[in-house]
Amino acid sequence: MLAFDADPVLREARTLADERRLVRRALASSTGQAEAAEHRADLAAVEGRLAAILDDADSRSLIEAALDERARVLRTTVAAHREGASRRARLAAADAVVARAVVAGRALTASEGVRVRELRAAAELRSEGGWRSAVSTADRRDAVLESLGTLRLRRAARQLRGGLLETDQMRGIISEALPAVLRGDPVLLVGETGGAKTALAEHLSRLAVGAEPEFVSGYGDITGAQLIGTHELRAEAGATVSVFVPGPLLRAMAEGRPVILDEVNAMPAEFLKRLNRVLQLRPGDVFSVQEDAGRELRIASGFAILATANEQTPHRYRGLDRLSAELVNRFGANAYRVHYPDTGLGYEEFPAENALLAAAAVVDERGELPPGIGVDELLRVARAAFISQQVFSGEHGEGFGAYVSTEREIDGRPGLEEAVLAPRTLVAILQKVAGSAGAVTLDRALSRFVEGVMHSEDRRVLALILQGQGFRIA
């Protein structure tokens, strides 16, 4: 294949084409005549240089051959992508059959069972020939893989903008937890800070009912009355009257929507005692609202409780109480531990999930990285994030142990006490760099992150991890 970086002429033509696209975007967003005139002049210069290349017969022939090969690659990529989309559609159709039965509170019929098995079997079939027969050379294979990677990046970016990057771990939890949410069973998501527990709970809620959930934060002096509802004084017809205003729990029950209890182990004991009873309720049950003179409310279909909780350790998350065994038991088999991406990999292994997350945070609608952030930088920061996450989680194995001080190792503490380059933080840092139009480098953004860490030993360890990946930390 004649790749667009394989020849100086092709490389220059591609650079000019990319610049032309940027200048056109700048021209379209111009806010004044002077600015527009400047961009039009730039556009004319770029198009003039492109025309000069195309005027040369040899260069034009080279470019045309490269474009023909690119078209073949894209046709093959589209066919491969459609096959993957068809597989995902079959799996989704099988899940939909199961979901309908779950919502109705019944088992699958015999024909439904056959249909589900057929759909899942068809999803696993790999067709011979087709687009695979078009991959006739190693160069074309590599080009198709690169194009498929770009499509995967674009899909990942859309998922991330929607709130959740669907890694294998997330898809596994969703497939198990969604039927529980559809039944109205409570779900508990436990994990370290910044690991997307809340995003996963929101995603599950939208999948289950197609509507936004009610949301209750565990931080603050929340009471059972605030969750369920309170009386407010209002002026009506010249008189002051007491009116009961439903809280998020009652709204969710009445409207058939899930409610998310975020960081439930930060909620006061008085509230958790009341929650024990609420966790036993299901759609169709009747809830007696003590705060509203015992009014009875029949819970609508679609209601479910999704709770998130940080890992409870002696060394962090101060102010959080350990959830009682009684409360955890209310969630039954629907308690899931949400790990950081790439958990379980060895120190030297490639952190593919962190790398996908990093790229998805900054690629544009064409799946391309913004100016100022290169592939090498993305891979290095993804690896630094992975190492910090494992050290924060208490991994003391080969490689990771280099970041755990002797004192902490003796005490059985993790190498990072309070701070970590968690997925949420990684995305925020990269988006800051991408959105700065080149004013902020990744080195500078990471330095700012380290400077903001309150714990001095954590600052030292994070700087060591980042410097080990080649970043210049001030």
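The values are calculated or read from the model by the stated rules, or taken from the named source; none is laboratory data. Everything numeric in this text was worked out from a predicted model, so none of it was measured. Here Cβ is always computed from backbone atoms with ideal geometry, including for glycine, and neighbour counts include all displayed protein chains. SASA here: full protein model, heavy atoms, side chains in, ligands and nucleic acids out. Shrake-Rupley method; radii C 1.70, N 1.55, O 1.52, S 1.80 Å.
Quick look at the numbers
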quantity: Unit charges at the beta carbon, dipole of the chain: most positive-side option, P283, A196, V433; calculated: P283
quantity: Surface accessible to a 1.4 Å probe, I174 within the full protein complex, Å²; calculated: 20 Å²
quantity: Helix 442-451 vs. the chain, principal-axis angle (Cα, 0 to 90°, nearest 10); calculated: 30 degrees
quantity: Surface/4 of the Cα convex hull for segment 264-368, nm²; calculated: 11.7 nm²
quantity: Charge dipole (debye, nearest 20) of the chain; +1 at Cβ of Lys and Arg, -1 at Cβ of Asp and Glu; calculated: 1360 debye
quantity: Carbon and sulfur %, accessible surface of segment 339-474 computed with the full protein complex present, 1.4 Å; calculated: 53 percent
quantity: Probe 1.4 Å, accessible area per residue of the chain, Å²; calculated: 51 Å²
quantity: Cα long-axis angle, helix 269-278 against the chain (0 to 90 degrees, to the nearest 10); calculated: 90 degrees
quantity: Sulfur and carbon atoms: percent of accessible area, segment 139-182 [1.4 Å]; calculated: 49 percent
quantity: Over the chain: helical MRE at 222 nm, DSSP H runs n ≥ 4 each giving -39500 (n - 2.57), nearest 500; calculated: -17500 deg cm²/dmol
quantity: The chain: translational diffusion in µm²/s, Stokes-Einstein, Kirkwood Rh over Cα pairs, 20 °C, 1.002 mPa s; calculated: 81 µm²/s
quantity: Between helix 8-28 and the chain: long-axis angle, C-alpha atoms, 0 to 90°, nearest 10; calculated: 50 degrees
quantity: Options L74, S30, L62, ranked by Cα towards positive dipole end of segment 30-85, top entry (Cβ charges); calculated: L74
